[in-house]
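**Q** First the structure, then my questions, so here it is.
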Amino acid sequence: MVVLVEFDKSNMLGVIDDFPNQFAKGFELAEGIQFEGVENIVVAGMGGSASYADLLKAYLTELKLPLVVHRNYGLPRGVGRYTLFVASSYSGNTEEPLDAFEQAIKIAKVVGIASGGKLKELCAKHNFPLVLLPQGIQPRSSTGYMFSALLGILENSGIVENKKKEVLAMAAELSRNKAKLKTEGEKLAKAAVGKIPIIYSSEEFGPVARMCKIKFNENTKVASFYNVFPELNHHEMNGTRYIDMLHFFFIEKPDDHPQIQKRMKVTKKLLEKRGGSVTEIIPLGKTKLERMFNALYLFDWTSFFLAMQYGIDPTPVELVEELKKELK
């Protein structure tokens, strides 16, 4: 495949290449931030400033406290004096978490995660701790920073046991796998040219599939959708009209429930019989954490190379910025 990187005017290639290094930095940025008496956790954010919390929730299967990812104005139920409220906005200016922040400061334990903006100013004004992220990238590209920063805060607070060693080992594996994932991403991009990418996974990997579809939306500027087994077998798979316009990516794991594995196999057969194209992906890695981030890193590369095929700069999100201007 001929890759026309001259379209990458904002150097998304360099950002993706550096992704494995974000995790160590995230832990560093969270040093010294801790809370006592936490009984539940709420992460308020949108887009890439929220998705990392879904990944963390999926990873921390032993977490005994409720963790809610809040994607809206206001506050969800259950926020009180024993709530750890995380206001998450990479830019620091996202209006939904800022609205939630203004209410949470009256009743909850509050911490901010941002690269600057109004959230930084408000945390300073009210004397709340802030994880100050490096500037200059898109929220969707800051997952490693945010994931390990929030995990670091939970560790510092005694809410979860120390996971730093495991996460840094995963990041080192991503670095070792980089060339392989990059090459595979080019191949997957070729399969998706001219198609709408559809990402399917087990329910356990739903947060991963969701983030992969977001990479296509924002990096490649194409419509993309995701769903999970077994739920999709009860409605979505019937939508095969115009199936020739779709390309399905099945993210499969060797530890998926046997019936989920069987459903994937049979669904693939039925979709292909009706003219659909399907690519099966078994993420690299031995642990859940490794498979999660190897899959995400693969789709970083896939969405990037597909953008190059279309002659699109993957970094800007012009429609989002236009919306924000209209809302002012």
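Read-outs: derived from the displayed coordinates by stated rules, not from any lab. Every value quoted in this text rests on a predicted model; they were computed, and no experiment measured them. Cβ sites come from the backbone with ideal geometry, for glycine too, and all protein chains shown count toward neighbours.
**Q** Give me the Å³ per residue figure for the convex hull around the C-alpha atoms of the chain.
**A** Cα-based convex hull of the chain, divided per residue, equals 138 Å³.
**Q** In terms of the ratio Rg/(2.2 N^0.38 Å) built on C-alpha atoms, what value belongs to segment 179-310?
**A** Relative to the 2.2 N^0.38 Å estimate, segment 179-310 comes out at 0.97.
**Q** While we're on this one: Taking only the C-alpha atoms, wrap a convex hull around segment 31-162 and report its volume per residue in Å³ as a whole number.
**A** Spelled out: Cα convex hull of segment 31-162, divided by residues, is 93 Å³.
**Q** Next question, about the same structure. Of the peptides 285-293, 155-163, how do they stack up when ordered by the mean number of other Cβ atoms within 10 Å, highest first?
**A** 285-293, 155-163
**Q** Give the lysines whose C-alpha is closer than 25 Å to that of Lys106, dropping any in the same chain fewer than 8 places away, or say none.
**A** Lys118, Lys120, Lys125
**Q** Normalised by the number of residues in segment 46-144, what is the relative contact order in percent for Cα pairs under 8 Å and 6+ residues apart?
**A** Normalised by residue count, the contact order of segment 46-144 is 30 percent.
**Q** Below 27 Å, Cα to Cα, which lysines can Lys268 reach? Residues fewer than 8 away in the same chain don't count.
**A** By straight Cα distance, Lys268 reaches Lys180, Lys182, Lys187, Lys190, Lys195, Lys213, Lys215, Lys221, Lys253, Lys286, Lys288.
**Q** Taking R0 as 30 Å, what's the FRET efficiency between Asp244 and Lys325 from their Cβ-Cβ distance, rounded to 0.05?
**A** Computed FRET efficiency for Asp244 and Lys325 comes out at 0.20.
**Q** Now, a different point. Once you put a point 7 Å from the Cα of Ala191 and another 7 Å from the Cα of Glu6, both along the Cβ direction, what distance in nm separates them?
**A** Between Ala191 and Glu6, the simple spin-label model gives 3.1 nm.
**Q** Please rank Ser49, Ser91, Ser175, fewest neighbouring Cβ atoms within 10 Å first, as an exposure proxy.
**A** Ser175, Ser91, Ser49
**Q** What does the highest-first list of 226-236, 298-308, 21-31 look like by mean Cβ count within 10 Å?
**A** 298-308, 21-31, 226-236
**Q** Which of Tyr242, Tyr297, Tyr73 has the fewest other C-beta atoms within 10 Å, and how do the rest follow up to the most?
**A** With the sparsest Cβ surroundings first, the list reads Tyr242, Tyr73, Tyr297.
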